[in-house]
Amino acid sequence: MELEFTRNRERFGFLKWGSTAFQNMLVVPPGSGIVHQVNLEYLGRVVFNTDGIMYPDSVVGTDSHTTMIDGLGVAGWGVGGIEAEATMLGQPMSMVLPGVVGFKLTGKLRNGVTATDLVLTVTQMLRKHGVVGKFVEFHGEGMGKLSLADRATIANMSPEYGATMGFFPVDHVTLDYLRLTGRSDETVVKHITAAFLCPTGVRYIAHARAIEVSMIEAYLRANNMFVDYNEPQLERVYSSYLALDLDEVEPCISGPKRPHDRVTLKDMKSDWHACLDNKVGFKGFAVPKEQQDKVVKFDFNGQPAELKHGSVVIAAITSCTNTSNPSVMLGAALVAKKACELGLEVLFFPNVLRFCCQTMGKDKPCPWIWGCH
């Protein structure tokens with residue numbers, strides 16, 4: 001971090017000046033965490049209270065995954081730099097009224113099925129339906145069974161399924177998360193101040209007032225913007241409709257090239273062999289039959305190694321999507337630990353993390369265990 005501040009001293013000095021020259025400008029120094037997670041846990045307020053005038057929170061950001069905040073019931077999406085700068089200076093942003101796709105969720109995820117399995121299933125359905133330039137709103141009794149972390153995972157993947165945003169209306173799950181992360185008049189400012197302590201000791205303090213969770217609920221209920229799944233639900237009208245029973249979601253992966261090329265784990269082996277046979281394309285490599293079992297042996301760092309079709313040489317975990325979900329991060333760490341125990345060795349190259357399968361003796365444990373980056 002010291003090097004970061006040395007290199008960018010002028011930029012940070014300018015931003016510090018801006019935080020004192022403009023009202024409601026908050027500067028978050030590097031090292032505070034991934035921006036979307038900071039937004040979800042600290043900055044997002046759901047409802048603003050400015051000089052006694054209350055209004056819904058909203059946000060635009062210069063990153064496509066800004067949409068993660070939609071899991072908190074805050075309307076937000078990614079924009080270009082010019083639009084973002086205009087918004088910062090108080091200018092309105094115009095847009096064509098989008099279509100809204102209603103996505104009804106029912107049931108509950110089975111044990112062993114993760115938020116990643118769910119989001120890949122949702123992504124495949126929405127890509128097939130066609131949601132580019134549209135809003136997606138999730139609703140249904142299944143919503144009450146989804147944690148806010150799971151919702152944030154789905155909202156984060158909006159760029160992958162093509163929607164402007166995937167929105168989750170505020171309900172009791174949202175309010176519980178606000179309380180969990182300290183949103184109240186007495187604790188919000190304390191949390192924000194602590195979050196933005198930089199290595200040089202300079203503090204950047206928020207100017208906007210905090211608002212109590214109970215007041216958020218009262219305001220949203222009064223304006224018919226709060227969803228209470230303990231009450232009878234009215235039939236909603238959308239531009240188009242989709243539905244998913246969470247009980248039917250299966251463990252799955254995506255690829256080998258696109259996030260919506262979903263493959264269930266039980267079909268992974270057969271799908272991989274089909275990819276070898278298929279003509280070159282999104283799901284094909286056109287490897288001749290006689291070469292599919294070819295093994296290449298070589299020495300690396302004085303140790304014998306071998307590669308064949310299907311060997312893992314590069315593996316990655318999408319960072320900002322998974323950081324929205326603690327259970328997925330822990331799951332990733334357990335997968336990495338198990339892979340190392342089975343002989344997956346981590347080899348470091350400049351700017352590249354390369355995973356190379358090697359045959360290792362039982363008495364030689366993997367020197368590194370990585371869960372996520």
Set of lysines near LYS337 by C-alpha distance (under 28 Å), chain-local residues within fewer than 8 positions excluded: LYS257, LYS266, LYS269, LYS297, LYS308, LYS362, LYS364
Residues meeting the amide H criterion for ASP57 (H placed from the backbone, H to H distance under 5 Å, 5 or more places apart or on another chain) are VAL46, VAL47, PHE48
Sort TRP17, TRP272, TRP77 by heavy-atom solvent-accessible area, probe 1.4 angstrom, most to least. TRP17, TRP272, TRP77
Give me the net charge for the shell around PHE226: Cβ to Cβ below 12 angstrom, other residues only, Lys and Arg +1, Asp and Glu -1. -3
Taking amide hydrogens as modeled 1.01 Å from N in the peptide plane, which residues meet the under 5 Å criterion relative to GLY140, leaving out close sequence neighbours? LEU105
In what order, largest first, do MET93, MET143, MET1 sit by accessible area if the probe radius is 1.4 Å? MET1, MET93, MET143
Probe 1.4 Å, protein heavy atoms only - accessible area per residue of region 59-164 in square angstrom: 42
Using 0.36 nm per residue, how much length does the chain from MET25 to MET93 gain when fully extended, once their Cα-Cα distance is taken away? 22.6 nm
Euclidean distance of C-alpha centroids, region 114-163 and region 64-86, integer Å: 16
Taking a 1.4 Å probe, which of ILE253, ILE69, ILE53 shows the most accessible area, and what order do the others take after it? ILE53, ILE253, ILE69
When only DSSP loop residues count, what GluC sites (Glu not before Pro) in region 233-309 have their Cβ near at most 14 other Cβ atoms within 10 Å? GLU235
How are the Cα pair distances of region 87-144 distributed, in percent, across 5 Å bins from 0? 4, 14, 18, 21, 14, 10, 9, 6, 3, 1
Where does the Debye-calculated log10 I(q)/I(0) of region 1-102 sit at q = 0.18 Å⁻¹, using only Cα point scatterers of equal weight, no solvent? -1.10
Contour minus Cα-Cα distance for VAL335 and PHE298 (0.36 nm per residue): 10.6 nm
Long-range amide H contacts for GLY78: which residues qualify at under 5 Å (H placed 1.01 Å from N, peptide plane, sequence gap of 5 or more or a different chain)? GLY61, THR66, THR67
Distance between Cα centroids, region 234-260 to region 1-44: provide it in whole Å. 36
Going through region 232-277, which trypsin sites (Lys or Arg not before Pro) have at most 16 other Cβ atoms within 10 Å and a DSSP loop state? ARG236, LYS257
If you filter region 124-185 for chymotrypsin sites (Phe, Trp or Tyr not before Pro), then keep DSSP loop positions with at most 16 other Cβ within 10 Å, what is left? none
For the pair LYS16/VAL237, report the inter-label distance in nm, with labels modelled 7 Å from Cα in the Cβ direction. 5.6
Using a 1.4 Å probe and ignoring any ligands, DNA or RNA, find the accessible area of THR264 and quote it in Å² to the nearest 10. 10
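The values are calculated or read from the model by the stated rules, or taken from the named source; none is laboratory data. Remember, it's a predicted structure, so these values are computed and weren't measured experimentally. Heads up, the Cβs are rebuilt from the backbone with ideal geometry, glycines too, and the neighbour counts pull from every protein chain shown. Calculation scope for accessible area: heavy atoms of the full protein, side chains included, ligands and nucleic acids excluded. Shrake-Rupley method; radii C 1.70, N 1.55, O 1.52, S 1.80 Å.
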